[in-house]
Amino acid sequence: IGVIQKAGEILESHLEQSVPEPIAERAETGTDQARRAFDTEAEGFLWGYNSGEQKGLQELYSGGFQALRNPASHGRGYEGRNRYLDDVDQQDAIDALCFVNFLIRKLDEYGQEELEIDESDYDL
């Protein structure tokens, strides 16, 4: 679980360093930062060819925080609580690392570069 938590922290740090400064300043959490960075507005990263793809990118990044980093960072609570990350094994940790590595590599590859988009599908 510590591996997943650390990977999420590294993703958050990497995203914060990659986003335009106004987004980094306004974002309150890693999830908020991801949502703002991949919004369908021209302020952040426009990588999706259409707004549906852009929404998917937004959900991949924000979901990484909500489904992996945040639960790994928060205590289990009481002993009887059963969460899907309570039985993380070595393969789960490797899979999570691969997912986070993919997200970081795409940030490095595309960053603030605007890719080809269908402008008619965006509200720019």
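The values are calculated or read from the model by the stated rules, or taken from the named source; none is laboratory data. Please read all numbers here as calculations on a predicted model, not as lab measurements. In this analysis, Cβ positions are derived from the backbone assuming ideal geometry, glycine residues included, and neighbour counts consider all displayed protein chains. The protein model used for the area step is the full one, side chains on, heavy atoms only, and it has no ligands, DNA or RNA in it. Shrake-Rupley method; radii C 1.70, N 1.55, O 1.52, S 1.80 Å.
Using θ = phi - 60° in the Karplus curve 6.51 cos²θ - 1.76 cosθ + 1.60, the 3J(HN,Hα) couplings for the stretch 4-11 round to 5, 4, 5, 4, x, 5, 5, 4 Hz; x is entered for Gly and Pro.
The label point for CYS98 and the one for ILE10, both projected 7 Å from the Cα toward the Cβ, are 1.6 nm apart. Using a probe radius of 1.4 angstrom, the carbon and sulfur fraction of the accessible surface of the chain is 45%. Coupling constants for the stretch 14-19 follow from the phi torsions by the Karplus curve (6.51 cos²θ - 1.76 cosθ + 1.60, θ = phi - 60°), and in residue order they are 5, 5, 4, 6, 8, 6 Hz; glycine and proline get x.
Once both labels are positioned 7 Å from their Cα atoms along Cα-to-Cβ, the gap between ARG105 and ALA67 label points is 1.9 nm.
Stretching the chain fully between HIS74 and GLN17 yields a gain of 18.1 nm (0.36 nm per residue, less the alpha carbon separation). Loop sites here are trypsin sites (Lys or Arg not before Pro) outside DSSP states H, G, I, E and B with no more than 13 other Cβ atoms within 10 Å. The longest part of the chain free of them is 1-75. With every protein chain in place and a 1.4 angstrom probe, the accessible-area ranking of HIS14, HIS74, largest first, reads HIS74, HIS14. Using the 1.4 Å probe convention, the accessible area of the chain works out to 59 Å² per residue with neighbouring protein chains retained.
For the stretch 1-123, the dipole from Cβ point charges (+1 on Lys and Arg, -1 on Asp and Glu) about the Cα centre works out to 720 debye, to the nearest 20. Maximal additional length on extending the ASP87-ASP123 stretch stands at 8.7 nm, based on 0.36 nm per residue less the C-alpha distance.
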